[in-house]
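Input: one structure, supplied below.
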Amino acid sequence: MNYELTHLPQRTSKPRDSGFTMAMDKGLSLRETENFVEVASEYVDIVKLGWATSFVTPNLDQKLDIYRAAGIPVYFGGTLFEAFIVRGQFEDYRRLLDKYKLQFAEISDGSIEMDHELKCKYIRTLAEQTTVLSEVGSKDDQKIIPPYKWISLMQAELDAGAWKVIGEARESGNVGLFRSTGEVRSGLVEEILTKIPFEKIIWEAPQKAQQVFFIKLLGANVNLGNIAPNEIVPLETIRLGLRGDTFTHFLDKGMLDKLV
C-alpha cells in the first residue's frame, strides 16, 4: 500500500484460500494484458479466459506467458470444456490442458444437459491431472434451480474432488444466483451457506452491487469471480471499505459518533 490507514479489514495474502479474486479476460491484447498485470497482479488470484475465447485468441502462448511471469494462474472457461464434451473429445481436452501447462480446469454444464454423476466422474478424472473448479448453475435464465438442489450439486462436486465450486452468473450477472435485473437471490445464497462453507464457493459477481452484497454479507475475504480487469482495483477498495458502498461497514460505530 502507498500509505497507512488504520481500521481496515485484514485481507488474506496470496496464495489465499479465501478472499480469492477471479478476473475474466474476454480477449485482452498482449499489451492490455501487460498493463493489466502491472496494475492488478497483487489483487488477482486467477484469470479465466472467458467461455471459449481461448480458441480464437491470437498469441495465446504469449498471453499465458505474461500471466505466468506475473504469478497468476490461468484457466479456460467451462464452456470450452462443454464444447469438447458434447463433441466426444474429452481426451483431447485433457491433452489441451497439458499442452498449455494449465494448473486449473473448470468443469461446467451450464450450456448442456449432463447427467450429474457423469459430471462428477469428469471431476474425479481431471482432479488427478489438475486443480478443478466446478461451476454450478445454468446459463438459461428460464431454468430455476431450487436451493436444496444447489446444495446437493455443490456438495457432490466438492466430494468428487473439486477444489472450489463456482456459483453461476455469466459475465453479465443476470442468471443463476441473480435475477434478470441483476438482483441477488439472497434467500438462495443464505440457504446455500447453511450447508456449504463460504471459503469453498466462488460467487460470480460481475456487477458492483453484487460485489457489495457479498462483501457486506461475508466480509472482505469472500471469494468473488467474473470480475472485469478494469474493476479489480475498484473491487479491492470495496473489500477494504474505501469506497462509498462499504465506507462505514468496517468502521467502529464510536468513530462515526465522534463526527456528530
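The values are calculated or read from the model by the stated rules, or taken from the named source; none is laboratory data. Quick caveat: nothing in here was measured; it's all calculated off a predicted structure. We place every Cβ from the backbone using ideal geometry, glycine too, and count neighbours over all the protein chains shown.
What are the residues in region 29-59 that are more than 30 Å from Gly219 (Cα to Cα), assigned to a loop (DSSP other than H, G, I, E, B) and not β-branched (Val, Ile, Thr), if any?
Ser29, Ala52, Pro58, Asn59
When you check Tyr93 against the structure, is it of a type in the set (Phe, Trp, Tyr) and closer than 27 Å to Leu28 by Cβ, yes or no?
So Tyr93 fits the description; yes.
On to the next question. If you take the residues of region 18-28 that are within 21 Å of Phe214 (Cα to Cα) and part of a loop (DSSP other than H, G, I, E, B), which of them is nearest to the chain's Cα centre (by Cα)?
Going through the qualifying residues, I end up with Phe20.
Could you list, in sequence order, the residues of region 182-194 that are farther than 16 Å from Gln211 by Cβ and out of contact with any Phe, Trp or Tyr (no Cβ under 9 Å at 6 or more places or on another chain)?
Gly187, Glu190, Leu193, Thr194
Taking helices (runs of 4 or more DSSP H) that fall entirely within region 69-132, which contain at least 3 residues that are among the acidic types (Asp, Glu) and exposed (fewer than 14 other Cβ atoms within 10 Å of the Cβ)?
It comes to 90-99.
Please work out if Ser29 is farther than 19 Å from Gly77 by Cα and either out of contact with any Phe, Trp or Tyr (no Cβ under 7 Å at 6 or more places or on another chain) or free of Cβ contacts under 8 Å to residues at least 60 places away in the same chain (or both).
In short, no.
Another question, then. Any residue that is more than 25 Å from Gly219 (Cα to Cα) and either outside any strand (DSSP E or B) or modelled with pLDDT of 95 or more (or both) - is there at least one of those in region 3-17?
No.
I'm checking my understanding of the structure. Among residues of region 36-64 that are of a type in the set (S, T, N, Q) and out of contact with any Leu (no Cβ under 7 Å at 6 or more places or on another chain), which one is surrounded by the most Cβ atoms within 10 Å (Cβ to Cβ)?
Step by step, filter region 36-64, then rank; the result is Thr53.
Also, I was wondering about something else. So which of Thr21, Thr57 ends up being in contact with a strand residue (DSSP E or B) (Cβ under 8 Å, 6 or more places away or on another chain) and farther than 18 Å from Leu235 by Cα?
Only one candidate qualifies: Thr57.
Filter region 195-251 down to the residues that are polar (S, T, N, Q) and not in a loop (DSSP other than H, G, I, E, B), then identify the one that is surrounded by the most Cβ atoms within 10 Å (Cβ to Cβ).
Ranking the qualifying residues of region 195-251, first place goes to Asn226.
Would you please list the contacts, defined by Cβ atoms under 7 Å and residues six or more apart or on different chains, that run from a residue in region 109-136 that is on the phi < 0 side of the Ramachandran plot and in contact (Cβ under 8 Å) with a residue 12 or more places away in the chain to a residue that is in a strand (DSSP E or B) and among the polar types (S, T, N, Q)?
Short answer, once both residue conditions are applied: Ile123/Ser134.
Looking only at residues in region 170-194 that are assigned to a loop (DSSP other than H, G, I, E, B) and among the small types (Gly, Ala, Ser), which one is nearest to Met154 (Cα to Cα)?
Going through the qualifying residues, I end up with Gly176.
Just to be sure I understand, how many residues within region 217-260 are under 16 Å from His7 (Cα atoms) and either touching a residue at least 12 places away in the same chain (Cβ under 8 Å) or touching a helix residue (DSSP H, G or I) at 6+ places or on another chain (Cβ under 8 Å) (or both)?
Looking only at that region, the number is 17.
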